[in-house]
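Structure, as structure tokens:
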Amino acid sequence: DSGVTQTPKHLITATGQRVTLRCSPRSGDLSVYWYQQSLDQGLQFLIQYYNGEERAKGNILERFSAQQFPDLHSELNLSSLELGDSALYFCASSVGDSGGPVSTQYFGPGTRLTVL
Amino acid sequence: GNSVTQMEGPVTLSEEAFLTINCTYTATGYPSLFWYVQYPGEGLQLLLKATKADDKGSNKGFEATYRKETTSFHLEKGSVQVSDSAVYFCALNTNAGKSTFGDGTTLTVKP
């Protein structure tokens, strides 16, 4: 158990809908990262937050957004869902973000999103 | 930009065989390097890491050495077990905080 929790574990929805995925980082970790894992594109970094502020952006679509709250939990919002958004979404957390040992990421169990 | 290139899989070995999974990277600055393992139906787990050149990360019989001169971080294990069957990801972090993962290598170990 990494100490990172994600809810829900599974989510099934229809095209055009909007969903929210939630992540609670390990106690004491300030950074939260979001990743998408699909069969055809592998593991893609989406976005990182550090202590409430956006820190780095990867291949995140404009239909997707995220935020980190004062209690450090984070939410990933996916809107106007398409079939191709079906994937595993992972959250990870780390103590810091300045590189080196404090940037070691610990992953949650993931949320499996199925868009029908 | 940064990139990580992993040995293509799948890799199939017999129990007790020697394992090498190659990983090379390109990055600006001085990245930290990681190997993660993903067992079926689970999230990624940190396997080992190295944060500076010539560091050796090790865990559960796996080892990898940070080689700056060849920009490599190859994963090795002297004797694999069936329970090592999983997907292995090489990754790097830079001071800018961005993470880059390889495509993953699927390992199957047969009894």
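B:Leu107 sits among other residues whose Cβ lies under 10 Å from its own Cβ, and their net charge, with Lys and Arg +1 and Asp and Glu -1, is 0. Over all Cα pairs of the protein assembly as shown, how is the pair count split among 10 Å bins, expressed in % and running from 0 up to the last occupied bin? With 10 Å bins starting at 0, P(r) equals 8, 34, 35, 19, 4, 0. Would you mind checking region A:35-74 for residues with the amide N under 18 Å from a putative spin-label position 7 Å along Cα→C-beta of A:Thr13? Flagged as within label range: A:35-38, A:46-47, A:60-68, A:74.
If I take all pairs of Cα atoms in chain A, what percentage of them are more than 17 Å from each other?
Values: 3384 of 6670 pairs.
Pairs farther apart than 17 Å: 51 percent.
Under the rule a/c < 1.5 gives rounded, and otherwise a/b versus b/c splits prolate from oblate, where does chain B land using the Cα gyration tensor? Verdict is prolate for chain B.
The interface between chain A and chain B buries about 1600 Å² of solvent-accessible area in total (1.4 Å probe, ligands and nucleic acids excluded). If you find the alpha carbon centre of region B:1-45 and of region A:57-116, how far apart are they in angstrom? Cα centroid to Cα centroid, the span is 21 Å. Between B:Gly61, B:Gly41, B:Gly78, the residue with the greatest mean-square fluctuation in the GNM of chain B (Cα pairs under 10 Å linked by springs) is B:Gly41. Partner lysines whose Cα lies under 24 Å from the Cα of A:Lys57, excluding those fewer than 8 positions away in the same chain, are identified as B:Lys49, B:Lys98.
In summary, the aspartates and glutamates within cross-link reach of B:Lys110, defined as a Cα separation below 14 angstrom excluding same-chain residues under 8 places away, comprise B:Glu15, B:Glu16, B:Asp84. Considering only alpha-carbon pairs that sit under 8 angstrom and 6 or more positions apart, the relative contact order computed for chain B is 37 percent.
The values are calculated or read from the model by the stated rules, or taken from the named source; none is laboratory data. This one's a predicted model, so the numbers in the text were calculated from it and none came from an experiment. Here the Cβ is made from the backbone with ideal geometry for all residues, glycine too, and neighbour counts use every protein chain on show. Just the protein is used for accessible areas: all its heavy atoms, side chains included, with ligands, DNA and RNA removed. Shrake-Rupley method; radii C 1.70, N 1.55, O 1.52, S 1.80 Å.
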